[in-house]
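Structure, as structure tokens:
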Amino acid sequence: MNRRQFLSLGALALARPARAAPRISKLRPAPARQSLVGAANPDTAVWAYNGTVPGPELRFRQGERLRLEVENALGAGTTVHWHGVRLPNAMDGVPGVTQPPIAAKGGRFTYEFDLPDAGTYWYHPHLGNPEQVARGLYGALIVEEREPPAVDRDVVWVLSDWELDREARLDEEFANPMAASHDGRIGNTVTLNGAVPDSFGVRAGERIRLRLINASSARIYGLAFEGHAPTLIAFDGHPVAPHSGARVVLGPGMRADLLLDCTGKPGSEHRVIDGFYRRNAYELVKLKYRDESPLRQSFPPVRMLGTNPVALPDVAKAERQRIVFGGGAMGAMPSQAVHKGMFWTVNGKPVPEHAHEVLMNLKLGRSYVLELVNDTSWYHPIHLHGHVFRVLPGDRWGDTVLLEPKSRAEIAFVADNPGDWMLHCHILEHQASGMMALVRVA
Ligand code: C2O
Ligand code: CU
């Protein structure tokens, strides 16, 4: 960096993101109560890590080792999956595949692994059934770059939704066949960091790194920041060439890192609109400018983040495989659908929750291109564990790819992490009703 660049950054007087201190060493999932819809309404009975939804924000620096003991205070078995992290198979938190469930009422398990990649990740239970996530078990896992970009604030927005009644009680029918065979359980109440937000206070001239995490079991978000042009700098944790677009679309499980330059006037208000479901657009939150003089008048250019040490697939020499997702309402549902609650298929077969059959064998160290075909009338965010992939064509990395109805996508990756890994739809009601498979890398 030359002196000029140094000075222009220095003028920002920007700090490194503050570390959460003291560092959290324990996660305790347990029933809790939380005010989701504001003080005028009753609290909601939830399940939470360490007493709050979302659970504690875990922050590490790239290359550090995560070590966390989970003490299960729920009345049900659980696990913790570290979504998007390239970790050893035994730490992946998939019950019946990588570990037995952590026993109800006092079971313990320690997760310990290195964090090779910087980025925005998250953690959640991984039972075949969507209940635990829908009750509130999830949290952010942030891995900071060794040289994070200069910003005034580093803020995480965990987005989720809930199906609540008038007394703010959660609807406990988590396996509703109607939802499972259509677009999943889409709640009537959206929360940002565990509460229905009114406004998000900002100062004119601030540059904010906004990390968005879609922790909903089924809802897809399409966010537009009125009057602003946030720059996308990372997707699913991994750097992208900085660019801004009309809206940020996030399927369940997906993350986006934005640099939000607060170019509004002191005292002004701007809406953040979620318009993914066109007839149901709503205001997620307001950006509310404080009546303070701007922190700065112009913003330095945005530079691309340093890339993570992910092996580049050799697309030309890669072995190709095709995976067809089928079924669902208005599609070819498997014949046992009606009595077994299996509405979706992978290569023609529904995979019941506990029958962990291997769909594909991949050779350790080889490059693969998977053609993912969505032969249904619904959206599916397809997630692969243990690896990150290129979404072809192009050079964005990801661990989840959102397939539009009746569409296809290609993903490419090096199968460099040995073990049995889940490949599934992250609409959790779809996963539980057939849309999942195991991929073996050996
Ligand atoms: Cu975020 Cu297989 O999960
Ligand atoms: Cu799906």
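When the Kirkwood hydrodynamic radius is evaluated over all pairs of different C-alpha atoms of segment 3-146, what value in angstrom, to one decimal, is obtained?
Averaging 1/r across every pair of different Cα atoms and inverting gives 16.6 Å.
To the nearest µm²/s, what D does Stokes-Einstein give for segment 177-289 at 25 °C and 0.890 mPa s, using the Kirkwood radius over alpha carbon pairs as Rh?
165
Straight distance only, please: which aspartates and glutamates reach the Cα of K406 with their own Cα at less than 18 Å, same-chain residues fewer than 8 apart left out?
D183, E371, D375
Counting each DSSP H run of 4 or more residues in the chain as -39500 (n - 2.57), what helix-only mean residue ellipticity at 222 nm follows after dividing by all residues, to the nearest 500 deg cm²/dmol?
For the chain, the value works out to -1000 deg cm²/dmol.
Between R408 and E319, how high is the FRET efficiency from 1/(1 + (r/R0)^6) when r is the Cβ-Cβ distance and R₀ = 25 Å? Nearest 0.05.
It comes out at approximately 0.90.
Counting only protein heavy atoms, what percent of the accessible surface of segment 177-289 is carbon or sulfur at a 1.4 Å probe?
Its accessible area is 51 percent carbon and sulfur atoms.
Leaving out same-chain residues fewer than 8 places away, which lysines sit with a Cα under 16 Å from that of K105?
Cross-link targets: K26.
Convex hull over the alpha-carbon atoms of the chain: what's its volume per residue in Å³?
Cα convex hull per residue, to the nearest whole number: 145 Å³.
Out of segment 160-265, which trypsin sites (Lys or Arg not before Pro) are coil in DSSP terms and have no more than 11 other C-beta atoms within 10 Å?
R166
Relative contact order (percent) for the chain, with alpha-carbon contacts under 8 angstrom and 6 or more residues of separation?
In percent, rounded to a whole number, it is 14.
Rounded to the nearest percent, how much of the accessible area of segment 3-146 (1.4 Å probe, protein heavy atoms only) is carbon and sulfur?
53
Could you sort out which of K317/K349; K265/K288; K265/K286 sit more than 20 Å apart by Cα distance in this structure?
Pairs exceeding the cut-off: K317/K349.
In sequence order, what are the phi-derived ³J(HN,Hα) couplings for segment 263-270 according to the Karplus relation 6.51 cos²θ - 1.76 cosθ + 1.60 with θ = phi - 60°, rounded to whole Hz, with x for glycine and proline?
These are the phi-based 3J(HN,Hα) values: 8, x, 8, x, x, 8, 10, 9 Hz.
Please work out whether segment 39-97 counts as rounded, prolate or oblate from its C-alpha gyration tensor, where a ≥ b ≥ c are the square roots of the eigenvalues and a/c under 1.5 means rounded, while otherwise a/b larger than b/c means prolate and anything else oblate?
Since a/c reaches 1.5 but b/c is at least a/b, the shape of segment 39-97 is classed as oblate.
What is the P(r) of segment 315-441, as percent of Cα-Cα pairs per 10 Å bin from 0?
14, 47, 31, 8, 0
Hey, any idea what % of segment 315-441's accessible area is carbon plus sulfur with a 1.4 Å probe?
Exposed carbon and sulfur together represent 53 percent of the surface.
Report the trypsin sites (Lys or Arg not before Pro) located in segment 390-442 that are in a DSSP loop and have at most 16 other Cβ atoms inside 10 Å of their Cβ, or state none.
Hits after loop and neighbour filter: K406.
Can you give me the distance in nm between label points at R65 and R169, each placed 7 Å from the Cα along the Cα-to-Cβ direction?
4.8
Which value, in Å², gives the accessible area per residue of the chain when a 1.4 Å probe is used on the protein heavy atoms?
That works out to 41 Å² for each residue.
Go through P148, V351, G55 and say which Cα lies farthest out towards the positive end of the charge dipole of the chain; charges sit on Cβ, +1 for Lys and Arg, -1 for Asp and Glu.
Going by the Cα projections, it comes out as P148.
The values are calculated or read from the model by the stated rules, or taken from the named source; none is laboratory data. Keep in mind the model is a prediction, meaning the values are calculated, not measured. Positions of Cβ are generated from backbone atoms using ideal geometry, with glycine treated the same way; all protein chains shown enter the neighbour counts. With ligands, DNA and RNA removed, areas are computed over all heavy atoms of the protein, side chains included. Shrake-Rupley method; radii C 1.70, N 1.55, O 1.52, S 1.80 Å.
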